[in-house]
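Worksheet: one structure, shown below.
The values are calculated or read from the model by the stated rules, or taken from the named source; none is laboratory data. No experiment lies behind these values; they were computed from the predicted model shown. Here the Cβ positions follow ideal geometry from the backbone for every residue, glycine too, while neighbour counts run over all protein chains shown.
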Amino acid sequence: MKPQDFRGGVRAGLRSAIGLPTLVLVGSLTGYGALAHDTGFGAGLAVLSTILIWGLPGQIVMAEMYAASADVLAIAIAVGMANMRFFPMAVSLMPTLHGEGVAGRLAQAQLMSATSWAYAMRSTAPETPSARLGYHTGFACLCMTVAAVATMVGYLGAAGLPKPLALALLFINACFLLLLLLDTKGRGAAFAVITGVVAGIPINTYLPDTGLIVTGIVGGTVGFLVDGMGQRERS
Amino acid sequence: MTAFAPAAAALVLAASVAATFLWRALGVFLARRLDPKGAVFRWFSFASFAVLAGLLSRLLILPTGDLATIGIEVRLGAAAIGVAAFYLSRRNLLVGVASGTLSFALAAGAMN
């Protein structure tokens, strides 16, 4: 029996978040906390970045480019490109959640992450708009809290753990991104990823400042063209 | 490793937060008026993937921070172990990341 009201939705959201979603967050955000420490962010800014950016890949872009002393504008564009997916995700999620005011909708959009979006879009999620609002709120608030704590733990771990362990925390970021990209579906995404990894090596070597932006445009366009060809073949 | 004042880090964070929030807000205001599967969104999604792929190259092959003190063969080897564990565990992200990271810790520990 699926919950019908807001409070039932919140409870269902909290239950869904406990387990795999929070475990993955603990592992990945611990790595990010270590990276934030390695790249020279303060502990407070590291935790704030998790809550306010709330999209791990974009956060890693920010920390990595900050460490490379990139220009603020170049960092903002690259982070924005890494997080462009929030636009289509919000477009598809928002109409399914109950809510009248703009402030409430913006709050839900800020709480939204790739994980909360995926869980709210699953067939097992509640169906009525109020229960869905509760589900997304409960799920995302718990995730954000766990993620903020994990960031702090990773930050302190990088500062205090023996060198090999601190380095391993840093390595989590690369490992997490690698598996995330392996898990993408479709030929267009595969080509975008392969082009990005291969072309990314020379591009980022010669353009440490704007390399990620150029890589995104090149790889994204290759993926788009390959996907377009696939769509014509199917139709 | 960086000599930036905290103010610069705060500015970088503020700019990154704004760049991210822009997309979320656009989604709120343009919901119901756009097709999430349209051509522009497909390009967005591929470009996002490509940015992350470029980021992976930077982290794994061209690291700048402390990771650069560990050889590329260890980084790629540990990543390969993570990928193998990921597929052996039927695409379990947690098992894959844990295996890759643990292998990396062991190799880094053995070298120090």
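Test B:ALA19 against the stated conditions and say whether it is out of contact with any Asp or Glu (no Cβ under 7 Å at 6 or more places or on another chain), of a type in the set (A, V, I, L, M) and either modelled with pLDDT of 90 or more or not in a helix (DSSP H, G or I) (or both). So B:ALA19 fits the description; yes.
All of (1) surrounded by 18 or more Cβ atoms within 10 Å (Cβ to Cβ); (2) in a helix (DSSP H, G or I); (3) not basic (Lys, Arg) hold for B:LEU76 with one exception: (1). A:MET1 meets all of the listed conditions (1) outside any helix (DSSP H, G or I); (2) at pLDDT 95 or above but one, namely (2). Taken together, the residues in the stretch A:50-76 that are aliphatic (A, V, I, L, M), more than 8 Å from chain B (Cβ to nearest Cβ) and outside any helix (DSSP H, G or I) amount to 1. Summed over the stretch B:24-48, residues that are assigned to a loop (DSSP other than H, G, I, E, B) and of a type outside the set (D, E, K, R) total 4. If only residues of the stretch A:79-104 that are more than 7 Å from chain B (Cβ to nearest Cβ) and touching a Leu at 6+ places or on another chain (Cβ under 8 Å) are counted, the one that is surrounded by the fewest Cβ atoms within 10 Å (Cβ to Cβ) is A:HIS98. Assessment of the stretch B:104-112 against the conditions (part of a loop (DSSP other than H, G, I, E, B) and more than 15 Å from the chain's Cα centre (by Cα)) yields at least one matching residue. For the stretch A:182-203, the criterion of being more than 7 Å from chain B (Cβ to nearest Cβ), under 20 Å from B:ARG75 (Cα atoms) and either buried (at least 20 other Cβ atoms within 10 Å of the Cβ) or not β-branched (Val, Ile, Thr) (or both) is satisfied by at least one residue. Based on what the data block shows, is A:PRO164 surrounded by fewer than 24 Cβ atoms within 10 Å (Cβ to Cβ), more than 7 Å from chain B (Cβ to nearest Cβ) and not hydroxyl-bearing (Ser, Thr, Tyr)? It is false that A:PRO164 is surrounded by fewer than 24 Cβ atoms within 10 Å (Cβ to Cβ), more than 7 Å from chain B (Cβ to nearest Cβ) and not hydroxyl-bearing (Ser, Thr, Tyr). The residue pairs whose first member lies in the stretch B:56-83 and is within 23 Å of A:SER69 (Cα to Cα) and more than 7 Å from chain A (Cβ to nearest Cβ), whose second member is acidic (Asp, Glu) and assigned to a helix (DSSP H, G or I), and whose beta carbons are closer than 9 Å, counting only pairs six or more residues apart or on different chains, are B:PRO63/A:GLU64.
Counting the residues of the stretch A:70-118 that are of a type outside the set (Val, Ile, Thr) and in contact (Cβ under 8 Å) with a residue 24 or more places away in the chain gives 23.
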